[in-house]
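Let me begin by presenting the structure, written as structure tokens, before commenting on it.
The values are calculated or read from the model by the stated rules, or taken from the named source; none is laboratory data. Source: prediction; values computed, not measured. Cβ placement follows ideal geometry from the backbone for every residue including glycine, while neighbour counts extend to all protein chains displayed. Side chains are part of the model used for accessible areas, which takes the heavy atoms of the whole protein and leaves out ligands, DNA and RNA. Shrake-Rupley method; radii C 1.70, N 1.55, O 1.52, S 1.80 Å.
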Number of protein chains: 2
Amino acid sequence: MPTSAHTRPQTDSRRGQLLELGLQLFGSRPYDDVSIDDIAREAGISKGLLYHYFGGKRDFYVAVVAEASARLRAATEPDPALDPRSRIVAGLGAYLDFVDARAAAFTALMRGGLGTDPEIAGVIDSTRQVFVDRFVEGLGLTAPRPVFRTAVRAWIGAVEAASLDWITHRDLPRDTLLMLLLSSLGAHLVVASRLDPAAGVVLTDVEPLLGQLGL
Amino acid sequence: MPTSAHTRPQTDSRRGQLLELGLQLFGSRPYDDVSIDDIAREAGISKGLLYHYFGGKRDFYVAVVAEASARLRAATEPDPALDPRSRIVAGLGAYLDFVDARAAAFTALMRGGLGTDPEIAGVIDSTRQVFVDRFVEGLGLTAPRPVFRTAVRAWIGAVEAASLDWITHRDLPRDTLLMLLLSSLGAHLVVASRLDPAAGVVLTDVEPLLGQLGL
DNA sequence: CGGACCATTGAACTCGATTCAATGACGGAG
DNA sequence: CTCCGTCATTGAATCGAGTTCAATGGTCCG
């Protein structure tokens, strides 16, 4: 096979090196302010080589955003051994820690340059979808009722906005923010339950959570 | 809008015409896919004229986003004659109606192309700030405590995410979404109150609202 | 030892953004 | 009515970033 063992590591490492660099560059400067020459110079390679690994600048950017997404997802991988509430607390905590530690990568992902680009929007939306699915599944909500989908989606929006606000101002204890968002999730779910009586069955799963949250 | 090629009186602001066109174009295609030639051709003017009214393509884009922001703000202007709750309901309703009617302009604003561009981010953030201020002021929350600022900011994020979800799927009655978001606001405020006991004074303003929401 | 493959290069090319000197229409002043 | 200044408008020239590609050289495998 042409895909022998010796070339892959080399390829992967260079690709990884470029992605890491892209995370830095796009995390600190606008897309248009990062030229191919900049990337090549900082990576110590020629312009042309970038095209060996990526289809072009836009393609490279998409890969960088996808990389940021993958890291965020990996960092917040839920632990199946935990009960639902602990799993959410752990996942949300890991999310905040990631935001705190890798603010550049996070903003690069969320503020994603080239906003109306469907490919970028796809990466970001699928990332959000992963979180929606995790929480919906973790809570035992099987039927994807519109009200619940929108409620969870709204909550994800709240998490993202609060996270950006948090790392911007840095005037809130991490755990305070965590409690705020946890309560917000509970509230969204109970409100959704009341607005969609036909899905009343799930309330039995939601109520205990709310009790623990003090709502 | 006028369809005829040359029924345009001189009194018609060319600048306004271009902004209107930009709203359409950037609302339906990625930034990179809209060339100066495209804009000029569709506007029936020469490339060079665009530079007479705007500093350049990026500058033009910023102006378009600012225009979208201005329209959204104007459409949701609060009515001082109303009591706090009615004002919020009216404002939120107007917001949803705007999103519904001018989906292109809204997504152009919120998904703002060139995400990491500080100037664009500034326009979007200041738009959000206007909403934060309106709601905070409307509720009588004078002191901008971090917890409340973050809570309101999180709620704005929830509104935006829910709005995008709403116009994407269109499987939720407007008033259901409105109730969801209204309850979400109430929940965020009461949670913030509990997390920041020093700001307990504001609870007297929040509690009545919650009662009306059935929380 | 030879050949193939593949990472890598640098120069050439393309195409869109930007600049600018020239044009002409309009409106006011004499 | 005519001259003049202003200003919207143009089209061609320029510029630069993104992209392409044929050539190179090292490395591994048979």
Please pick out the residue among A:ARG85, A:ARG73, A:ARG41 that is in a helix (DSSP H, G or I), within 16 Å of DNA strand D (Cβ to nearest atom) and not small (Gly, Ala, Ser).
A:ARG41
Failed condition for A:THR116, given (1) open to solvent by less than 40 Å² (accessible area, probe 1.4 Å); (2) in contact with a Leu (Cβ under 8 Å, 6 or more places away or on another chain); (3) free of Cβ contacts under 8 Å to residues at least 60 places away in the same chain:
(2)
Just checking, does segment A:163-176 include any residue being part of a helix (DSSP H, G or I), within 21 Å of A:ARG71 (Cβ to Cβ) and either within 7 Å of another protein chain (Cβ to nearest Cβ) or modelled with pLDDT under 85 (or both)?
yes
Can you report the number of residues in segment B:135-154 which are in contact with a Gly (Cβ under 9 Å, 6 or more places away or on another chain) and either of a type in the set (Lys, Arg) or facing chain A (nearest Cβ under 10 Å) (or both)?
1
Taking segment A:68-88 and keeping residues farther than 13 Å from A:GLU160 by Cα and surrounded by 15 or more Cβ atoms within 10 Å (Cβ to Cβ) leaves A:ALA68, A:SER69, A:ARG71, A:ARG73, A:ALA75, A:THR76, A:PRO78, A:PRO84, A:ARG85, A:ARG87, A:ILE88
Report yes if some residue within segment B:94-110 is open to solvent by 50 Å² or more (accessible area, probe 1.4 Å), more than 17 Å from B:LEU19 (Cα to Cα) and touching a helix residue (DSSP H, G or I) at 6+ places or on another chain (Cβ under 7 Å); otherwise report no.
yes
With respect to B:ARG29, is the statement that it is modelled with pLDDT under 95 and more than 14 Å from every other protein chain (Cβ to nearest Cβ) true?
no
Residue list for segment A:46-70, restricted to those being among the hydrophobic types (A, V, I, L, M, F, W, C) and more than 12 Å from DNA strand D (Cβ to nearest atom)
A:ALA63, A:VAL64, A:VAL65, A:ALA66, A:ALA68, A:ALA70
Within segment A:18-34, is even one residue over 30 Å from A:GLU137 (Cβ atoms), of a type in the set (Lys, Arg), part of a helix (DSSP H, G or I) and not assigned by TED's automatic domain parsing to the domain that holds A:PHE135?
no
Taking segment B:65-110 and the residues there that are within 14 Å of another protein chain (Cβ to nearest Cβ) and of a type in the set (Ser, Thr, Tyr), the one that is farthest from DNA strand C (Cβ to nearest atom) would be B:TYR95
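For A:ALA187, indicate whether it is in contact with a His (Cβ under 8 Å, 6 or more places away or on another chain), part of a helix (DSSP H, G or I) and at the interface with chain B (Cβ under 9 Å from one of its Cβ atoms).
So A:ALA187 passes the test.
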Is it the case that B:ASP38 is within 14 Å of another protein chain (Cβ to nearest Cβ) and closer than 29 Å to A:PRO118 by Cβ?
no
I'd like the full set of residues that are surrounded by fewer than 15 Cβ atoms within 10 Å (Cβ to Cβ), of a type in the set (Gly, Ala, Ser) and either within 7 Å of DNA strand C (Cβ to nearest atom) or closer than 18 Å to B:SER13 by Cα (or both), limited to segment B:24-64.
B:SER35, B:GLY44, B:SER46, B:GLY48, B:GLY55, B:GLY56
Going through B:GLU137, B:GLU160 one at a time, which residue ends up being more than 15 Å from the chain's Cα centre (by Cα), under 15 Å from B:ARG73 (Cβ atoms) and not assigned by TED's automatic domain parsing to the domain that holds B:ASP32?
B:GLU137
